[in-house]
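Okay, so here's the structure we're looking at.
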Amino acid sequence: MSMDFIEAMNELEREKGISKDILFEAIEAALISSYKRNFNTAQNVRVDMNRNTGAIKVFARKMVVEEVLDERTEISVASAREINPHFQLEDVAEIEVTPRDFGRIAAQTAKQVVTQRIREAERGLIYNAFIDKEEDIVTGIVQRQDARNIYVDLGKVEAVLPLTELMPNEKFNMNERIKAYITKVENTTKGPQIILSRTHPGLLKRLFELEVPEIFDGVVEIRSVAREAGFRSKIAVYSRNAEVDPVGSCVGPRGIRVQTIVGELRGEKIDIVRYSESVEEYVANALSPSKVLEVQVFEEEKMARVIVPDYQLSLAIGIKGQNARLAAKLTGWKIDIKSETQAEEEFGRPREMGEEMHQDSVSVD
């Protein structure tokens, strides 16, 4: 090996962060295999590569024995002591067996090893960069599509967006910019594999964090998200500062913040509700846009019975039960919705009703 090769190794260590010692060890291990393969030998050998000059030597390692039965692995005491008079029985003697044309083989092998290690190092850097972005939003460019996936260029790596992770009726054109949520980052034999989603509830949460400064700063917290991608979502927010309205912060001036998110999600309806430690209030808010008369809480069953005005029953339940289903996901409580008339017939009137509960929520179409 030339001094230019050694300098190139030093440069790789500086630029790529690949340890020179690790490269040397990898090259030596590869050269052992190359030697055995090219010279058709089963000898036990050691390859030594000088760290300063790049000079390569091959040594056969042989056991010192009284009677030689296999010349490839054994050497007599007399022959061993010709090399070094201090050798004893069962010592291991090393004899240089470097072939004359081994330099050409060594150069080719070293190049292959270095190229492979550079590729592995670059894959490692990409993996480390994206593992920190797991459960975060990224923006990329649509490159191509097959029967199962869309492939998105994220700059240094191509990510996979399964078609099953697209919202209903959602389509993207080639070279179109796309925002997506990273659900998984895996380090495979072919390099980092990044899986994206447009349906994950985390996408909605991250979009609000990007659009609402109060959430980014930690003044307003997102306590829960429930989503049926492409149709409707509910998000519960809470403010640490009594003077900051969490719902109003998310809506933004003239609704511009939430409308930006609705646009990104292709018109998905979003209900922003105020989180409350009071289960009654929280469940009532979660059923937005329906009005609620009363919420009865059954702690043991973790169930809430909600009574709504007769004319609000279908709105409270929602199309195919969607509103009630999302409210239950958001709060973590089972919700049984009854109209005022149904409640009177089944349970009597537990209290004088008719006045709607105060609810703090906003629905955006």
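What shape does region 202-287 take by its C-alpha gyration tensor, where a ≥ b ≥ c are the square roots of the eigenvalues and a/c under 1.5 counts as rounded, a/b above b/c as prolate, and the rest as oblate? Verdict is oblate for region 202-287.
Taking the Cα atoms of region 113-206, the ratio Rg/Rh between the radius of gyration and the Kirkwood radius comes to 1.00.
Using a Gaussian network model of the chain in which every pair of alpha carbons under 10 angstrom is joined by a spring, one finds that among Q108, Q296, Q145 the greatest mean-square fluctuation is at Q108. In summary, region 162-226 shows an alpha-carbon radius of gyration equal to 1.36 times the 2.2 N^0.38 Å reference for compact globular proteins. Sparse packing (at most 12 other Cβ atoms within 10 Å of the Cβ) combined with a DSSP loop state is found for none of the chymotrypsin sites (Phe, Trp or Tyr not before Pro) in region 287-353. Tally Lys/Arg at +1 and Asp/Glu at -1 over every other residue whose Cβ is under 12 Å from the Cβ of V279; what's the total? Value of the local net charge: -1. Scanning the chain for helices, which whole DSSP H stretches are 30 Å or more long along the axis (Cα) and average -0.5 or more by Kyte-Doolittle? Going by DSSP H runs, the hits are 102-131. When the Cα atoms of region 3-126 are aligned to their principal axes, the ranges along those axes come out at 56, 28, 27 Å in descending order.
Among the listed pairs K171/K334; K133/K190; K156/K190; K16/K111; K20/K62, those with a Cα-Cα distance over 26 Å are K171/K334; K20/K62. Could you please state, rounded to a whole Å, how far the C-alpha centre of region 252-310 is from the C-alpha centre of region 50-71? If you average the Cα positions of each part, the centres end up 78 Å apart. By the count of other C-beta atoms within 10 Å, a proxy for reagent exposure, Y181, Y238 are ordered fewest to most as Y238, Y181. Within region 29-130, the GluC sites (Glu not before Pro) that combine a DSSP coil assignment with at most 14 other C-beta atoms in a 10 angstrom radius are E66, E67, E71, E90.
Values quoted throughout were computed directly from the atomic coordinates according to the rules given, and no laboratory measurement underlies them. Not measured: the values here are computed from a predicted model. A quick note on method: Cβ atoms are made from the backbone with ideal geometry, for glycine too, and the neighbour counts reach across all protein chains shown.
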